[in-house]
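A.B. asks: Pasting a structure below so you can have a look.
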Number of protein chains: 2
Amino acid sequence: MITVVLAHPYPDRSRANRLLARAVDDLPGVAFRSLYDLYPDFAIDADAERAALAASEVVVWQHPVLWYTAPALQKLWFEQVLTPGWAYGPGGDALRGKPCLWVATTGGDGGDYATDGVHGHLFDVFAGVVRQTARFCGMQWLDPLVVHAANRLGDEALRAWGERYRTRLVALGALGEVGHA
Amino acid sequence: MITVVLAHPYPDRSRANRLLARAVDDLPGVAFRSLYDLYPDFAIDADAERAALAASEVVVWQHPVLWYTAPALQKLWFEQVLTPGWAYGPGGDALRGKPCLWVATTGGDGGDYATDGVHGHLFDVFAGVVRQTARFCGMQWLDPLVVHAANRLGDEALRAWGERYRTRLVALGALGEVGHA
C-alpha cells in the first residue's frame, strides 16, 4: 500500500492539491488520509496513523507549504505520530527504509526562493525541515515533487504535474511490489 | 511592551522553557502569552493575538524546537495570526520594523547539527523557516538565543541562559523605550 497523508487546511482554496490528489486517487493500492477532514479539531488518532503507516510500503506527504514548511496539522502529526521507540531511537524502526515522497505546492515563484528573492533562500534550504524529519526516521527520501506558484498555474499545467505525480506513484508501486488495498 | 509568545506543548516536560520564562517574567513591560495554556483546543483567537502584537514594540517567540522547527500550535499561530493585509502584502505593515527575538531550546547537542551529524545540517539551516517568517513580515530579526541539549543541562547552566535572556530583554526594553504594561 502507498499511503498519501494529505494536509490542506483550506479545502475551498485547495484547487492545486485537489487536482494533484485526483490524478492518483484511483490507483490501486493508494490510500489517502486527509488530515484536515479526519481531524478538524486537531485531535489526531496517532494509533490509527501509525497502523496505516505500518501497513504501507511507501509514504507520501502532500500539502501546501505555508510559512516555509508543512501546515500546522501536518506538523502536529509529525509530533504525535513519529514517536520515540516507534519511528526513531531504540526499537524505533517502523519506518526504516520506507521511501518517502514529498509532494509540496507553494504560492511563490521558484525564483522568489533565492538569496536575493523575497524568501531569502533557495527552496531546498526550507525543505530541510521535512526532509530531515523523514531521514531521522530512517526513511528513504525521494526526489520531491515541488509545484511552485501552484495557485497561479492553469488547469492544464496542474494536470501535467498530476501526470508526473501519477507516474511516480505507479513506478513506486511497481518497484516496491506494493500490495493492493 | 515586549510580548513573549511561549509555546510548549508538554508543560510537565518544560523544565528548560519554564526556567527561561521565570528569568524574565517579572520584568516590567514584559507580557507572556502561553499558547498551549490559552488554546489547548488549538482554537486561536487571532484578533486577540494581533491586538497584543500591535501593542508591542518587541516580539519574542520562545519554544522548544520539535522536528526541526516550531511546535504545531506556534505554527498554527503563524498561519492564523500573520495574515495578508495585516502582517504582509499591501497594507500589511503591522509588524514592520519590530525587533523579533527567537528563544529556542533543542534536544540535540549543537554538534549533532552538522552535515555529518545525526541532523544532517547546521542548526542555522533549519532556523531559516522561523527567521524568514519574521523577515517576510518586515520584522527585524535579532541574533537568536538557542539553547542546545536543553533537557540535559543542569539548573545552573539553565540559569546562566536565563540571565542572558534577561539581559537581552532589558537591553531591548531600554533601546526601544518599551512602554511598561
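FYI, it's all coordinate maths here, none of it is from the lab. Every value quoted in this text rests on a predicted model; they were computed, and no experiment measured them. Cβ atoms come from the backbone with ideal geometry, glycine included; neighbour counts cover every protein chain shown.
A.B. asks: Most mobile of A:PRO90, A:PRO99, A:PRO40 per a Gaussian network model of chain A (Cα springs, under 10 Å)?
C.D. replies: Among A:PRO90, A:PRO99, A:PRO40, the largest mean-square fluctuation in the Gaussian network model of chain A belongs to A:PRO90.
A.B. asks: Okay, moving on. In Å and on Cα atoms, what radius of gyration and Dmax does the protein assembly as shown show?
C.D. replies: For the protein assembly as shown, the Cα radius of gyration and maximum Cα-Cα distance read 20.7, 65 Å.
A.B. asks: Could you let me know the centre-to-centre spacing of region B:30-95 and region A:39-112, using Cα atoms, in angstrom?
C.D. replies: Cα centroid to Cα centroid, the span is 23 Å.
A.B. asks: Separate question: Within 10 Å of each Cβ in B:79-86, how many Cβ atoms from other chains are there, averaged over the peptide?
C.D. replies: If you average over the peptide's residues, the count of other-chain Cβ atoms is 1.
A.B. asks: Once you list every other residue whose beta carbon is under 12 Å from the beta carbon of B:GLN140, what net charge do they have if Lys and Arg are +1 and Asp and Glu are -1?
C.D. replies: Its environment carries a net charge of +2.
A.B. asks: So for region A:2-175, Kirkwood radius off the Cα pairs, Stokes-Einstein at 20 °C and 1.002 mPa s: how many µm² s⁻¹?
C.D. replies: 130 µm²/s
A.B. asks: Please figure out what share of the DSSP beta bridges in the protein assembly as shown is antiparallel and state it in percent, rounded to the nearest 5.
C.D. replies: 5 percent
A.B. asks: How large is ³J(HN,Hα) for each residue in region A:135-143, as worked out from phi by the Karplus curve 6.51 cos²θ - 1.76 cosθ + 1.60 (θ = phi - 60°), to whole Hz, x for Gly and Pro?
C.D. replies: 5, 4, 8, x, 6, 8, 6, 8, 4
A.B. asks: When only Cα pairs under 8 Å and 6 or more residues apart are kept, what is the percent relative contact order across region B:2-175?
C.D. replies: 27 percent
A.B. asks: Please work out the C-alpha center-to-center distance from region B:148-169 to region A:141-161 and express it in whole Å.
C.D. replies: So the separation of the two Cα centres works out to 44 Å.
A.B. asks: Once you've got the GNM for chain A with C-alpha springs shorter than 10 Å, pick whichever of A:ALA21, A:ALA48, A:ALA94 has the biggest mean-square fluctuation.
C.D. replies: A:ALA48
A.B. asks: Under the classification rounded if a/c is under 1.5, otherwise prolate if a/b is larger than b/c and oblate if not, where does region B:1-52 fall, given a ≥ b ≥ c as square roots of the Cα gyration tensor eigenvalues?
C.D. replies: oblate
A.B. asks: Another question, then. Any idea what the B:ARG164 label distances to the other copies are, label 7 Å down the Cα→Cβ vector, nm, shortest first?
C.D. replies: 4.3
A.B. asks: Something else now. What is the angle, in °, between the Cα long axis of helix A:72-81 and the longest principal axis of the Cα atoms in chain A? Nearest 10 is fine, range 0 to 90.
C.D. replies: 20 degrees
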